[in-house]
1. So for the range 299-310 (the condition being assigned to a strand (DSSP E or B), without any contact (Cβ under 8 Å) to a residue 40 or more places away in the chain and within 15 Å of ligand 2 (Cβ to nearest atom)), does at least one residue qualify?
2. Restricting to the range 262-275, name every residue that is open to solvent by less than 30 Å² (accessible area, probe 1.4 Å) and either closer than 11 Å to residue 285 by Cα or part of a strand (DSSP E or B) (or both).
3. Would you tally the residues in the range 123-142 being in contact with a strand residue (DSSP E or B) (Cβ under 6 Å, 6 or more places away or on another chain) and of a type in the set (S, T, N, Q)?
4. Sort out which residues of the range 118-149 are at pLDDT 95 or above and assigned to a loop (DSSP other than H, G, I, E, B), and write them in order of number.
5. Please determine, by comparing only the residues of the range 311-324 that are open to solvent by 90 Å² or more (accessible area, probe 1.4 Å) and assigned to a loop (DSSP other than H, G, I, E, B), which one is modelled with the lowest pLDDT.
6. Could you tell me which of the residues 224, 237 is within 20 Å of the chain's Cα centre (by Cα), assigned by TED's automatic domain parsing to the domain that holds residue 284 and not small (Gly, Ala, Ser)?
7. As an exercise: evaluate residue 298 against (1) touching a helix residue (DSSP H, G or I) at 6+ places or on another chain (Cβ under 8 Å); (2) surrounded by fewer than 18 Cβ atoms within 10 Å (Cβ to Cβ) and give the number of the one condition it does not meet.
Amino acid sequence: MSTNYQVVKERWTADEERVHYIYAGKCFKDLKTHPVHPVNLEGWECSRTSFDTGLEAIKPFLAEVPYGGHRDIPGRHKHYYEAFVYVVSGKGTIELWKEEGSQRYRFPYHEGSVLSPPLNWHHDHFPDKGSFIRYLAIINVPLMGRLIGRDQARGFDLTTGHPLRNYARSIPYDPEKVVIEKRGDDFPATYKGVWVEDLGSLPLSPWPERGGLGIGLELSANTTIGAHVVELPPGTTRKPHRHYYESFLYILSGAGYTRVWSEKTAEERYEWGAGDLIAIPVNTWHEHGHRSGKEPARYLEMNSRPIMEKMMDTGFVFKDSIGG
Ligand SMILES: [Fe+2]
Ligand SMILES: [Fe+2]
């Protein structure tokens with residue numbers, strides 16, 4: 001468990017400074033009860049905690065929005081970084097719309113829901129009366145910051161003249177419909193949509209390569225952040241492996257362990273349970289195992305695999321110059 005943290009000042013926009021609480025480490029226990037700290041974001045009332053995990057393309061934060069917390073400035077919020085959001089606790093509705101005047105989609109969400117606001121779509125949180133929304137977000141701000149500058153990537157400054165500001169991603173399916181595709185190259189089945197109401201009850205398919213059952217999640221036509229769910233039955237293990245992308249594990253249910261090591265670093269072992277978050281650095285060896293009890297262990301993995309595969313694909317990089 002990581003309890004060390006420091007208060008840092010971050011400059012998010014050209015003329016404002018904000019104080020953030022940053023917790024440093026690789027494994028964080030029970031995000032349902034993890035401390036969050038009040039911050040004022042452009043007049044929005046909410047609490048946050050940032051995690052410094054050392055990963056360089058994607059990063060997590062924890063946020064809690066109280067009832068009424070985002071209502072003062074409807075339509076104020078959009079950004080051209082991708083965000084994959086898992087609701088840790090609370091209950092409410094999220095509203096998404098592509099651009100001014102376009103159809104508004106409202107999705108109920110609560111513990112176990114995941115969603116991804118499509119790139120540069122407006123979105124707003126509406127916790128139910130008497131409740132709140134606490135969510136874990138995995139964002140690609142570090143990657144976008146390297147590509148176009150962090151302040152631009154955050155997109156809080158609506159006056160910016162950056163051309164990407166006006167790009168709202170098109171979704172190649174009806175956001176209100178759910179599509180589950182049968183086995184592709186990567187997953188035993190793939191869920192495509194904007195939102196999943198309950199990951200805990202999502203039907204899973206046999207996935208022997210991963211040690212149990214699973215499903216891929218391709219949300220909102222994201223091109224940088226990928227995700228999937230794995231369930232390890234009692235006594236099973238996701239065998240040692242490593243990959244060229246970064247990943248985070250959020251534990252949905254059950255008890256297990258993760259071992260992480262590399263040629264340069266000593267082995268670390270994390271014992272985990274529901275609500276824990278674990279960061280796996282790029283190219284480090286790791287193994288996940290069921291630990292105890294008769295209940296299976298189910299986790300959500302969020303990773304930077306899509307962008308890493310695109311960057312290694314010369315057809316992607318040079319597609320405009322090959323073949324004239
Ligand atoms: Fe957002
Ligand atoms: Fe892995």
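1. Narrowing the range 299-310 to residues assigned to a strand (DSSP E or B): 299-303.
In the following step, the residues that additionally are without any contact (Cβ under 8 Å) to a residue 40 or more places away in the chain were identified as none.
No, there is no match, as no residue in the range 299-310 is assigned to a strand (DSSP E or B), without any contact (Cβ under 8 Å) to a residue 40 or more places away in the chain and within 15 Å of ligand 2 (Cβ to nearest atom).
2. So the first thing to find is which residues in the range 262-275 are open to solvent by less than 30 Å² (accessible area, probe 1.4 Å), and the list is 262, 270, 272-273, 275.
If the condition is that a residue be open to solvent by less than 30 Å² (accessible area, probe 1.4 Å) and either closer than 11 Å to residue 285 by Cα or part of a strand (DSSP E or B) (or both), then 262, 270, 272 are the ones that fit.
3. Initially, the range 123-142 is screened for residues in contact with a strand residue (DSSP E or B) (Cβ under 6 Å, 6 or more places away or on another chain), giving 123-128, 131-139, 142.
Retained after the next criterion (residues that are of a type in the set (S, T, N, Q)): 131.
Qualifying residue count, the range 123-142: 1.
4. 128, 129, 130, 131
5. Looking at residues that are open to solvent by 90 Å² or more (accessible area, probe 1.4 Å) and assigned to a loop (DSSP other than H, G, I, E, B), I get 324.
6. On the way: 237 fails: within 20 Å of the chain's Cα centre (by Cα).
Answer to the check: 224.
7. Failing condition for residue 298: (2).
Listed here are the residues, each with its yes/no results for (1) modelled with pLDDT of 90 or more; (2) within 16 Å of ligand 1 (Cβ to nearest atom); (3) among the basic types (Lys, Arg); (4) under 21 Å from the mean Cα position of the chain (by Cα).
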position: 35; (1), (2), (3), (4): yes, no, no, yes
position: 42; (1), (2), (3), (4): no, yes, no, no
position: 55; (1), (2), (3), (4): yes, no, no, yes
position: 63; (1), (2), (3), (4): yes, yes, no, yes
position: 66; (1), (2), (3), (4): yes, no, no, yes
position: 80; (1), (2), (3), (4): no, yes, no, yes
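The values are calculated or read from the model by the stated rules, or taken from the named source; none is laboratory data. It should be emphasised that the depicted structure is a prediction, and the values quoted were computed from it without experimental measurement. Positions of Cβ are backbone-derived with ideal geometry, glycine not excepted, and every protein chain shown enters the neighbour counts. Heavy atoms of the whole protein, side chains included, go into the accessibility calculation; ligands, DNA and RNA do not. Shrake-Rupley method; radii C 1.70, N 1.55, O 1.52, S 1.80 Å.
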